[in-house]
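> Structure incoming, see below.
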Amino acid sequence: MKQEIYETQIKEKAILIGVESRKSRSGLFTIHDSLNELAQLAGTLNIEVVGKLAQRLEHPCPDTYVGPGKLVEISALVEELAPSMLLFDDELTSLQLRNLEKELGKGLFIIDRTSLILNIFAEHAHSKEGKLQVELAKIEYQLPRLRRVWDHLAQQTGGRSAGIAGAGVRGTGEKMIEMDKRLIRDRIVRLKRRIKEIQGQRNEQYKKRLKNKVPLVAIVGYTNAGKSTLLHALSRADILVDDKLFATLEPATRRVRLASGFDVLFTDTVGFINKLPHSLVEAFKATLEGVQQADLLLHVADASHPMIDGQVSAVHRVLEEIGVHHKPQIMVWNKIDRIAEHNGEGLNGKNEAAISAKTGGGLERLLGMIEKFFKDRFVEVVLDLPYSAGDLLNIIYLQGKVLEKKPMDTGYLLKALVPPALIGQLAPYRREES
């Protein structure tokens, strides 16, 4: 009982506020969809949503995000519901933040969508690289908003000498802002340098993979679509699986042996989301290198989700932004166990697979599609390979698949599937007949 009281006491309460602009009306997400998703994001940080407000405008008000009438309505709702914070569904400018705090402050936290996502990322980042990337994104977000901090300090100066002290703080504030900006810019340079070093280490790993020609499949999709669950189901690896937005941020890569004996690497990626801040896309490009290096993308979507069209569209936008939308893809409709019909046969089209990563339904067909994709990119050859060409035999094992191997007097009679890049090296030993 004490625990329940304690949790109730520390739990933040929020009112969600969004603007349905002309631009957002042309998209696949309605303002209500977007606010529902914002509520899910808030829940990830144990924030209780106690109210929602939306306004329809041509575009958000440049001074206060919402119009004057809506500010009055928000104030009334704050009086009624007594939240500890207001969550805004878009990224707020420094001017909007400052004016909203003046109009609605009253000790409330004013948080925008970008700041909320950054805090979720900060809580869920565990690796050294993940923490560095989150810190970089956070301070790049904070840099243009430094004046807010010093304005607060000026406002808090009270008493008989408030006017003089306030002026002094403002003068000091200007200097402190410049000092802070220099310190932050220096920190940004150091963070980028360190991230680049880690990125270089990962590039070496990818070069090794390219040398060995192990096929790579990247699992991409909207946050909470079931990417980690799918990787776990394919590899039986100990991977965090949680029904929350952004439950996992760091990529996990696992080797899986297909039925024909081919080894394939599967890598998970950070989940995408509608209105994903550009700074986060930039900061996590290193995490998304697995997508850029991949031979094949598995685009996982939650087939049971009411906003599935908008989610698929949001993923396509990010894939285009990072320059990988041209890569071969298999559309994976996950969570068919939640669909009323309990099948998903209509989703098994060309380059599509209906599955339940949770129950294992449809995984065999998906693996068959992946296997066919890679087999179609290999060439079957018959070789008279001398014993002295053991290095070539090792390369064939690494890069292809040995189907038959028969010892002969001077070497092996070999039937194998090999990548086209190897054909030139193998030409002197190739038999035309099967």
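> Which GluC sites (Glu not before Pro) does the range 57-126 hold that lie in a coil by DSSP with at most 13 other beta carbons within 10 Å?
58
> Still on this structure, I have one more. With θ set to phi - 60°, apply the Karplus curve 6.51 cos²θ - 1.76 cosθ + 1.60 along the range 196-202 and write out the HN-Hα couplings as whole Hz, x wherever there is a Gly or Pro.
Once θ is set to phi - 60°, the couplings for the range 196-202 become 5, 5, 5, 4, x, 4, 5 Hz.
> Hey, another quick one. For the range 17-76 and the range 380-398, compute the distance between their C-alpha centroids and round to whole Å.
Here the answer is 63 Å between Cα centres.
> Write down the percent of antiparallel bridges among all DSSP beta bridges whose residues are both part of the range 11-124, to the nearest 5.
Roughly 5 percent of the beta bridges in the range 11-124 run antiparallel, per DSSP.
> For the range 11-124, give the magnitude of the charge dipole about the Cα centre (Cβ charges: +1 Lys/Arg, -1 Asp/Glu; no others), in debye to the nearest 20. Before the final figure, lay out the partial values.
Numbers: 12 positive and 17 negative charges, 28 e Å.
For this selection, approximately 140 debye.
Read the figures in this text as sums done on the coordinates, not as results from a lab. Predicted model, so just to flag it, every value in this text is computed and none were measured. Every residue, glycine as well, gets a Cβ built from its backbone with ideal geometry; the counts of neighbours run over all protein chains shown.
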